[in-house]
Amino acid sequence: MADSGARLLEGAPIANEIRTAVAEDVATFTAVNRRPPGLAVVIVGRDAPSTVYLEQILRGCTKVGVHAEFVELEGEATEASVAATIRAVNTDPAVDGVIVQMPLPPTIRLRTVIDAIDPSKDIDGIHPLNAGLLRLGYDGFLPATAHAAVEIMRRSGIEIAGRDAVVIGRSAVVGMPAAFLLVKEDATVTVCHSRTRDLADHVSRADIVVVAAGRPGLVTGAMLKPGAVVVDVGINLVDGRVVGDVDFASAVVVASAITPVPGGIGPLTNALLLTHLIRAAERQAAAHPRTGVEPGMTAPTIQPAPTAPTAPTAPTAPTRGDR
Ligand code: NAD
């Protein structure tokens, strides 16, 4: 509980519970399959800002007994070599899940990378097959951050069904999947974005506000409906401090519950990613019984879902998220 009375929705206690359960699942998986679940993190250029975040993921994996490693390419790597590296990881029987460093260098098109990932190893839900499964309400791999934004409310006992929710941000990796998940939880959802005419008006009517815009201070307490639940996904560096998209000081006195930044969505995202990995590992193990996953053998590959041919255009800046 924050001083103001708003309940603080902290990610760490929930993440710890999840990690404890994951560690047990990892131990069982390892005993049965005589290998730990494996994660490959494809990174292009060590100096990317997300490297610190990816190193955290690696440490988290090691703690629960998952084998995780960086598959590194030079910052100047070509699009073709990045795609070839991902395809090689797809066929590695010791790897159950693949995540790719984001944002990618500007010379690498996101779509090329996404298309290269085997959807059955796509534990951060970026492949169109997994996005489509989510859209249709089926069980695919969810983007971990969007999953965390909704899971933090579910696990905190916050009622979602029937409530009016506003999601700010419509990116393919955070905003839209969060909106679809909220619809699945029976909320009535409005998606706002950079071209929304009167953001404050939409926010003022929302029982639940999920903010994923990457704009510090975008949502203030004055915009909120009293008692609203506020989930702040934003991560911004301001004057050397990590802050969210919500002006916490003004929001905390109006909201009934609010996620802090840091310490809200971030820790939960990493823990949920581990649950996705376990699920992927169990599916790979079931699809390729143990003789199929001994190191050095070529495992039968799962064919990636057919994708629409992409027009041969010159590499441009990636279209991650949107305007
Ligand atoms: P993005 O840049 O791809 O998308 C931002 C979205 O915000 C866009 O849809 C855009 O239309 C919208 N937007 C921008 N300015 C706006 C405005 N003034 N009013 C309304 N909408 C506006 O970003 P993303 O990848 O979706 O990430 C969003 C935020 O979440 C970033 O701060 C990012 O760092 C953070 N993030 C956090 C985690 C985590 O684990 N907590 C993980 C991934 C991303």
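The values are calculated or read from the model by the stated rules, or taken from the named source; none is laboratory data. All of these numbers come straight from a predicted model, not from anything done at the bench. Reconstructed Cβ throughout: ideal geometry from the backbone, glycine too, with neighbour counts over all protein chains shown. In case anyone asks, the SASA skips ligands and DNA or RNA and just uses the protein heavy atoms, side chains included. Shrake-Rupley method; radii C 1.70, N 1.55, O 1.52, S 1.80 Å.
In this structure, Thr78 does satisfy being among the polar types (S, T, N, Q) and over 23 Å from Asn33 (Cα atoms). Restricting the range 201-222 to residues that are out of contact with any Ser or Thr (no Cβ under 9 Å at 6 or more places or on another chain) and under 25 Å from Leu136 (Cβ atoms), the residue that is farthest from the ligand (Cβ to nearest atom) is Ile208.
Just give me the residues in the range 121-144 being assigned to a helix (DSSP H, G or I) and buried (at least 24 other Cβ atoms within 10 Å of the Cβ), in sequence order. Selection gives Lys121, Asn130, Ala144. Could you say whether any residue in the range 88-100 is within 16 Å of the ligand (Cβ to nearest atom), under 30 Å from Arg19 (Cβ atoms) and either at pLDDT 95 or above or open to solvent by less than 20 Å² (accessible area, probe 1.4 Å) (or both)? Checking the range 88-100: at least one residue is within 16 Å of the ligand (Cβ to nearest atom), under 30 Å from Arg19 (Cβ atoms) and either at pLDDT 95 or above or open to solvent by less than 20 Å² (accessible area, probe 1.4 Å) (or both).
Filter the range 233-248 for residues that are open to solvent by 70 Å² or more (accessible area, probe 1.4 Å) and among the acidic types (Asp, Glu) and give the result. Asp239 - this is the single residue of the range 233-248 that is open to solvent by 70 Å² or more (accessible area, probe 1.4 Å) and among the acidic types (Asp, Glu).
Among the residues examined, Leu218 does not qualify as of a type in the set (A, V, I, L, M) and at pLDDT below 95.
Please go through the range 249-290 and pick out each residue that is of a type in the set (Ser, Thr, Tyr) and either open to solvent by less than 30 Å² (accessible area, probe 1.4 Å) or within 18 Å of Ser156 (Cβ to Cβ) (or both). Hits for the range 249-290 are Ser256, Thr259, Thr269, Thr275. The criterion of at least 1 residues that are touching a Cys at 6+ places or on another chain (Cβ under 8 Å) and aliphatic (A, V, I, L, M) is met, among helices (runs of 4 or more DSSP H) falling completely within the range 185-298, by 199-204, 265-287.
A single member of Asp232, Asp245, Asp198 is within 16 Å of the chain's Cα centre (by Cα) and either near the ligand (Cβ under 8 Å from one of its atoms) or modelled with pLDDT of 95 or more (or both), and it is Asp232. Restricting to the range 133-175, and then to whatever is polar (S, T, N, Q) and within 10 Å of the ligand (Cβ to nearest atom), can you tell me which residue is farthest from Lys121 (Cα to Cα)? Here the residue is Ser171. What are the residues in the range 182-195 that are surrounded by fewer than 21 Cβ atoms within 10 Å (Cβ to Cβ) and within 14 Å of the ligand (Cβ to nearest atom), if any? Selection gives Thr190, Val191, His193, Ser194, Arg195.
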